[in-house]
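The values are calculated or read from the model by the stated rules, or taken from the named source; none is laboratory data. Everything numeric in this text was worked out from a predicted model, so none of it was measured. Don't worry about glycine lacking a Cβ; one is built from the backbone with ideal geometry, like all the others, and counts go over all protein chains shown.
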Amino acid sequence: MMNSTFDSLPAARKAEPVMSGPLGAALPASVHGVFETQVDLRPDAIAVESPQGSLSFAALNRAADDLAARLRRETTVANEIIGIRFTRCAEWIVAMLAVLKAGGCYLPLNPKDPEARVAALLEDARPRLILKPSRVAGEFRIENRQSASSEPDAEGLCEDRAAYVMYTSGSTGKPKGVVVSHRNILRLTQGRNPVPLGPGTRTMQTGAPTFDAVTFEIWGTLLNGGCVILPGEDTILSAAALGKELAARQATTLWLTSPLFNQLAAEDSAAFKPLSHLIVGGDVVVRRHVQAVQASCPGLTVVNGYGPTENTTFSTMHVIQHDDPAMDVPIGLPIAYSTAYVLDNQGSPAAPGTEGELFVGGDGVALGYLNQAELTAERFLPDPFTGKGRMYRTGDLVRQRKDGEIVFLGRRDSQVKVRGYRIELGEIENLLREHEEVSEAVAAVAESPLGPKLVVYAVADETISDLDLRSYLLSVLPGHMVPHFIVFLEALPLTSHGKVDRSRLPTLEEFDLLSPEYVAPETELELQLADVISQCTGLDGAGTADSFFDLGIDSLAAARISAALQKETGIHVPVTSLLAHPSIAELSTFLQSKDCKPQSEPPVSPAPGLDGVFPLTPQQMPLYVEQMKNPASVRYNVPVMIDLPTDTDFDRLEQALSELVQQREALRLVMQLSQPPSQRIAGMTPVALPRVPRAVDPKQDIRPFDLQTGPLWRASLHDTGSGWQLFLDMHHIIADGVTLAMVLGDLDRLYRGEALSAAGASFAEISQWAHEGAGAELREAQRAFWRSRLQDTPVLRDSLPMDFPRTPERSRESGVLRFDLGAARLQRCKLAAKNYRLTLFELLAGVYGLFLSRVTGEQTVTFGIPAHARAETGFSEAYGMLANTVCVRLETGGDAAAGAFLRTSGQVLRDSIAHQHFPFRDLVDMTESAGNPARNPLFDTLFALQTRDSLTVDFLGAKHLLRPLPPGQAMFDLNLQLYQSDTGIDAEWEYDASLFQRDTVVALQGILLDLVDQLTDPAADTLPVSRLGVLPSTPAGQARPEAELEFDF
């Protein structure tokens, strides 16, 4: 228990406050006393506005006095709990104030909650009376429950009077009633905080009656002489309606849950313009939405408000600055009369930057839990740092920045936040277990395209359906606690200790993999296809009707399947054909059709008689030309750093590297200056792995390669002070990303004493294939496609919003902007790709094409994408530069619907990749686009999506994610590299810093992310693409003049 740890702290440590706001001020005695002071100061000022009319302070006070007197006549009210069951209306506020004036403690009850839920709360709280609305406006119905005995039980904790009881979700399945005192409320409303409150405050009230934000909205406003605005129910959920209402009512202050704020901000970021202060809380705040609102509402202060009900609405606040570079929005510092501590597992202050649990203290800490003394003692602890008062253990994991601001990291226990509501998963689980047809159940939260969703895993009788269970839960739980997904399992996965193993519960993707009606493979070909898919993707159990897109098969996985099919069946299936027949059933039919014929010979054959010199491949030629034009360039270096274990044997690693160079001759390639340029395999020379007593310095260690002397790679060991790193740098002309992963994988095998598997095709064979074999035939066959695709290619203009002129002599020094698209956005993208029958790459590339159109004003855009040309037999295991850069040309004009645009752009991408064997240099010659030494031919930007599987390698006992270091010189004007993981998409946007300032690229990032969100919104499917992503000052469908491109971010 934490109690014993705190009790054992030395006196000096106990007296040391970790963080604190102002403490110890004298606060007034009661909430209604402060309200009556405001009545004396401004009796005729409007206190409450509602669709039904207005109440002045004097009128509100009279109505509350009358009702309080009636309550006293009805029964003894002092120190009793009085239920109030109202929707948002003036009578609701009258009822709360009247209960306080009568000396009671009000219990909010939501009329929209199921009767079973309300009954459970009444059973626990046992209120003396319940106030309900009457059919006559301004009147009240009183339900007398005289048999109840309900004095708020917070005995021994504090002598302060209870003001209200508010229920939150309970871990045992029993909701917890938090008893909040008058002093707790006054601490929230009477101190100086980032949100100023006064007679000019006009707060539009949005919280549900049972949500503790109501305390701030109602009492924070009224006790400072402001006006509470009660909007209609539908107003809050529409950005357009809310914006009009805020303006019409002259609202100054608004509180919203983070999910609702995100939704409204995406609809119309300018909707909040009438406000002076906006408080967002209840969940993680998304910075991008805040920035959009700040850009649209320059006079608005946006505040992140954090706090559990047990510390009276807000514990900390953070004013979100527009130029704050941090990706995570902090939850801030303690508000007035409050403390906050970040503590480690021993109860000591955690060092700044390290994870700890958040404890909050001060005058906001509630009296405790109603009728739960043991739980109160466990969660409400003596404050050892101030020596007085108590602190509440939140269960939230946080870290403290160097400036003191606190950043939220997650929950310690199973209590979760969904749609701003705090939910205890155990409550849902226990209610499910009470159902006679459910034997076991587990509740969890899973990321989905629309944010976190509640999921229930149930073991139940076959006779019950998910609809039956959902109907049952709707009868006993409020709507926000009813799961979005119900998954039936034969049994729950268990650990060796017999506990539920939550890590083995199926994810949203996993339980949505198979079609509603699973059809098992039956024929020999179907079984063979299922086996190949399993080998290439790790997915077992795919049915013949399951869509490859549903299974998450992207173009890279499709390429692996294509190569494996050719090896297994002798039939070459292009990636485009595979994705055009995206199920085992469809592919099986295609493979047996006359359109698909087996190749009688493998595409690569031995190349006897080669004299050791052979031509550069089409992929190598552009790299050679560019490097020879500027020998000092490092644009085509591919450097990586790998952390090494402390017990690494450096001599053994050096020997393994020497063996690798001996066995993989592509590592000994050098170029020869001839016409045409050629290459050869150099002889073996001693391999050294120098030890460098410093960390890697990119400017010093990323150096140009001499293509003619070689070797075209270098490696060294570096002492970082905290460990050693392997630095490996290779020239792109001998290695692509796949080769880089194979080098490290093979080096690991040799270090461990294992033999290498058989090498793939030699690079001499690959060169011959490209120039004389099937590759040459394929190249010529694809010429007509590219002539047709690019025959009307417009003259490449400088339409990108550059900050500096383009000159041939510019340095091409690069900058890199890194950002995270996040797990929720990844899930939205996956769902959209699935719905449009696209791979994730195809979807995002289509979005990128529309982005280019929006920032350039061009309706025809071209950009480059990388393609891994390894589908031929022997290529997948081959060392060397086999990747192609494929030119993509998209048409973005017209009034096509967004869904149709994405499907069309996806087909364009597939067609382009299917014709990738036509050399880039031939494309340049065909379009006559070479000749400007200041720019790349054909396109200025590159877009790529790298999957975790393609970049992860096992090396010396650990998994490493290979991300080449930026070499310091830009290959393109803009080079966007996306790295997909299980939890999100990380982005590295390399830019030519001699053309762009960083602020410009940040602005471009905002436009791109907005387009991602717009195009992955299901509602965008039928919207004209011309309406999406239009910059604020550009009318829809009108090209933006180049000189007028501005960014209001």
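Applying the selection to the stretch 359-371, what residues are crowded, with 21+ Cβ neighbours inside 10 Å, closer than 22 Å to P175 by Cα and not hydroxyl-bearing (S, T, Y)?
Residues of the stretch 359-371 crowded, with 21+ Cβ neighbours inside 10 Å: 359-370.
If we keep only those that are closer than 22 Å to P175 by Cα too, we end up with 359-360, 364-370.
Once the filter is applied, which keeps residues that are crowded, with 21+ Cβ neighbours inside 10 Å, closer than 22 Å to P175 by Cα and not hydroxyl-bearing (S, T, Y), the stretch 359-371 yields F359, V360, G364, V365, A366, L367, G368, L370.
When the residues of the stretch 284-302 are narrowed to those that are buried (at least 23 other Cβ atoms within 10 Å of the Cβ) and touching a strand residue (DSSP E or B) at 6+ places or on another chain (Cβ under 6 Å), which ends up modelled with the highest pLDDT? Checking each candidate, the answer is V302. Return yes when T927 is surrounded by fewer than 21 Cβ atoms within 10 Å (Cβ to Cβ), of a type in the set (S, T, Y) and over 31 Å from the mean Cα position of the chain (by Cα) and no when it is not. Judged against the criteria, T927 is a match.
Of all the criteria given as (1) without any contact (Cβ under 8 Å) to a residue 60 or more places away in the chain; (2) out of contact with any helix residue (DSSP H, G or I) (no Cβ under 8 Å at 6 or more places or on another chain); (3) not basic (K, R), the one not satisfied by T201 is (2).
Per the listing A248, A213, the residue uniquely at pLDDT 90 or above and over 17 Å from G307 (Cβ atoms) is A248.
For beta carbons closer than 6 Å, sequence separation of 6+ or different chains, a first residue in the stretch 885-910 that is without any contact (Cβ under 8 Å) to a residue 40 or more places away in the chain and a second that is in a helix (DSSP H, G or I) and small (G, A, S), the qualifying pairs are V886/S912.
So which residues in the stretch 76-109 are surrounded by fewer than 19 Cβ atoms within 10 Å (Cβ to Cβ), among the hydroxyl-bearing types (S, T, Y) and either at positive phi or within 44 Å of the chain's Cα centre (by Cα) (or both), if there are any at all?
Taking the stretch 76-109 first, the residues surrounded by fewer than 19 Cβ atoms within 10 Å (Cβ to Cβ) are 76, 78-79, 87, 89, 103.
Remaining after also requiring among the hydroxyl-bearing types (S, T, Y): 76, 87.
Across the stretch 76-109, the qualifying residue is only T87.
Total residues in the stretch 378-412 satisfying the condition of being more than 21 Å from the chain's Cα centre (by Cα) and in contact (Cβ under 8 Å) with a residue 24 or more places away in the chain: the figure is 22.
Per the conditions (1) at pLDDT 85 or above; (2) closer than 29 Å to R117 by Cβ; (3) touching a Gly at 6+ places or on another chain (Cβ under 7 Å), the sole criterion not satisfied by T394 is (3). Of the helices (runs of 4 or more DSSP H) that lie entirely inside the stretch 747-821, those containing 1 or more residues that are hydroxyl-bearing (S, T, Y), more than 21 Å from L669 (Cα to Cα) and out of contact with any helix residue (DSSP H, G or I) (no Cβ under 9 Å at 6 or more places or on another chain) span 783-790. Given the criteria in contact with a His (Cβ under 9 Å, 6 or more places away or on another chain) and either modelled with pLDDT under 80 or more than 22 Å from E990 (Cβ to Cβ) (or both), does V953 qualify? Answer is yes for this residue.
Filtering the stretch 105-128 for residues that are modelled with pLDDT under 95 and more than 29 Å from M481 (Cβ to Cβ) leaves an empty set.
Within the stretch 692-704, none of the residues are within 30 Å of S757 (Cβ to Cβ) and among the small types (G, A, S).
Scanning the stretch 303-352 for residues that are polar (S, T, N, Q), surrounded by 21 or more Cβ atoms within 10 Å (Cβ to Cβ) and assigned to a loop (DSSP other than H, G, I, E, B) gives T312, T313, S315.
Within the option set A247, A208, being surrounded by fewer than 21 Cβ atoms within 10 Å (Cβ to Cβ) and assigned to a helix (DSSP H, G or I) holds for one residue only, A247.
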